[in-house]
1. Leu68: under 19 Å from the mean Cα position of the chain (by Cα), assigned to a loop (DSSP other than H, G, I, E, B) and surrounded by 14 or more Cβ atoms within 10 Å (Cβ to Cβ), yes or no?
2. Quick check on region 25-47. Is at least one of its residues surrounded by 10 or more Cβ atoms within 10 Å (Cβ to Cβ), assigned to a loop (DSSP other than H, G, I, E, B) and hydrophobic (A, V, I, L, M, F, W, C)?
3. Under 7 Å between Cβ atoms, at least 6 apart or on separate chains: pull out the pairs that start in region 10-31 with a residue that is under 25 Å from Leu296 (Cα atoms) and end on any residue that is of a type in the set (A, V, I, L, M, F, W, C) and part of a loop (DSSP other than H, G, I, E, B).
4. Which condition number in (1) at pLDDT 85 or above; (2) within 29 Å of Tyr103 (Cβ to Cβ); (3) touching a Phe, Trp or Tyr at 6+ places or on another chain (Cβ under 9 Å); (4) not acidic (Asp, Glu) is the one that Phe17 fails?
5. Just to be sure I understand, how many residues within region 129-168 are at pLDDT below 90 and within 23 Å of Arg73 (Cβ to Cβ)?
6. Give the residue that is surrounded by the most Cβ atoms within 10 Å (Cβ to Cβ), with candidates limited to residues of region 227-256 that are modelled with pLDDT of 80 or more and among the aliphatic types (A, V, I, L, M).
7. Which one is modelled with the lowest pLDDT among residues in region 201-226 that are out of contact with any strand residue (DSSP E or B) (no Cβ under 9 Å at 6 or more places or on another chain) and of a type in the set (A, V, I, L, M, F, W, C)?
8. Let me spell it out: the conditions are (1) of a type in the set (A, V, I, L, M, F, W, C); (2) over 30 Å from Gly37 (Cβ atoms); (3) buried (at least 18 other Cβ atoms within 10 Å of the Cβ), and Leu296 meets all of them except one. Which number is the exception?
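The values are calculated or read from the model by the stated rules, or taken from the named source; none is laboratory data. For clarity, every value in this text was computed on a predicted model and none was experimentally measured. Because the Cβ atoms are built from the backbone with ideal geometry, glycine has one as well, and the counts that use them run over all protein chains shown.
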Amino acid sequence: MTNLFKKRLSSHLKEMFKYLRLVFNDHFIFALLIMIGGLGYAYSNLLKTLHANVWWSQPIIILVMLVLLQIGRLATLLEDADVVFLLPKEHAMHSYFIASKRYSETLAEICQIFGLFILLPFIQATDPLSVAALAGLAVTQIVLKDAWLMANLMNHYRFSQRWLHQPVWFQWLVPAVVLIIGVYVTPLASVVLALGADGILRMLAYGWQQQAFDWRAAIGQENNRMLGVYRFFNLFTNVPMLKGVAKRRKYMDGLLRLVTIKPENTYLYLYSRGMVRSGEFSGLYSRLTILGMILLYFIHGTWLPVLLAALFMYLTGFQLIPFFWQFDDIVFTHLYPITTEQRIANFKKLLRTLLIVTGVLFLVMVAVSDFQLEVILITAVVEIVEIFGMVSYYLPLRLRKNR
């Protein structure tokens with residue numbers, strides 16, 4: 001069974017690296033560097049305004065560590081067919097799940113350490129601790145994450161103790177109590193308590209391979225985990241595993257009526273309704289726009305907001321261009337007496353409108369974040385030039401290359 005997990009892990013990693021190569025392209029890396037630089041600069045300025053022994057610092061530390069603990073779920077890599085084909089091997093799956101927990105724990109603990117590294121300056125600025133105390137909190141967090149994953153795995157087995165099937169115990173309540181003691185009393189006590197909780201779980205798990213396994217719940221949890229991963233990748237590229245569902249949004253009907261119904265607007269009529277009702281591209285557009293607005297709110301300066309707005313405008317337009325071919329698989333669209341030039345002109349109208357809406361929202365966020373007339377005017381000029389260049393030059397170039 002360990003070999004089965006290794007094979008699945010190898011296939012899983014190949015798939016993840018395939019998508020990661022598409023996600024971490026030059027544009028995204030550039031945007032990521034700007035985002036990290038801007039957030040780091042804002043975080044540094046925030047720390048300068050803080051002082052030691054403020055009453056609200058300790059609750060924030062506990063809350064951040066508790067939320068951080070929820071990052072990194074159990075990756076069992078189970079598939080829908082396993083409920084049939086692996087059912088006869090149920091009692092032999094122990095080694096498989098131990099291997100899956102080990103893999104999940106490696107990634108989860110890296111996230112915990114990275115998160116604590118970011119939180120460390122805040123702790124030292126508001127509640128200075130010794131190196132030993134900081135190490136104690138780090139060990140507590142790592143041990144609690146191990147117990148978190150163990151409880152998650154045990155939850156898939158049908159134990160007689162009903163409270164073991166309540167994830168809230170070892171995902172929220174026990175960690176909250178341990179972290180409160182670690183922050184308010186002493187980290188040494190939190191280490192002892194965390195080790196004790198982890199040890200109790202392992203004692204309760206003794207002989208778990210003889211318990212009945214809840215296949216459907218475990219497979220459902222894994223499918224939900226992978227759905228979240230695929231949705232993240234879908235922000236940057238098309239993911240075949242995500243099947244879009246057309247959904248009418250009645251609150252958008254007023255905007256759709258602005259499209260005049262006439263022969264030369266045939267594709268504009270189709271594209272506008274497809275954009276509104278397609279969860280894939282409308283979600284992609286809204287998420288990139290909202291993400292850009294959030295970053296622009298926290299980033300200040302003269303040129304950094306301009307560069308960030310221009311970058312997210314480009315990313316939004318770049319990701320929407322494949323929508324041009326969205327209806328090519330529908331045979332009836334090829335029967336329309338519409339020329340290619342009319343179709344391109346219709347798509348240009350749609351893309352221009354969407355980019356203008358995004359540009360206006362970005363300008364509003366720049367003004368709200370730090371009202372500087374010079375920055376607002378520069379951002380507006382850059383956005384106008386970018387929209388004109390993308391719609392008039394870049395879009396036709398992309399379409400010619402893909403013919």
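1. no
2. For region 25-47, residues surrounded by 10 or more Cβ atoms within 10 Å (Cβ to Cβ), assigned to a loop (DSSP other than H, G, I, E, B) and hydrophobic (A, V, I, L, M, F, W, C): absent.
3. Listed pairs, sorted by first residue: Leu22/Phe236; Val23/Phe236; Phe28/Phe236.
4. Going through the list (1) at pLDDT 85 or above; (2) within 29 Å of Tyr103 (Cβ to Cβ); (3) touching a Phe, Trp or Tyr at 6+ places or on another chain (Cβ under 9 Å); (4) not acidic (Asp, Glu), Phe17 breaks only (3).
5. Residues meeting the conditions: 18.
6. Val229
7. Checked region 201-226; the qualifying residue modelled with the lowest pLDDT is Leu204.
8. Tallying (1) of a type in the set (A, V, I, L, M, F, W, C); (2) over 30 Å from Gly37 (Cβ atoms); (3) buried (at least 18 other Cβ atoms within 10 Å of the Cβ), Leu296 fails exactly one: (2).
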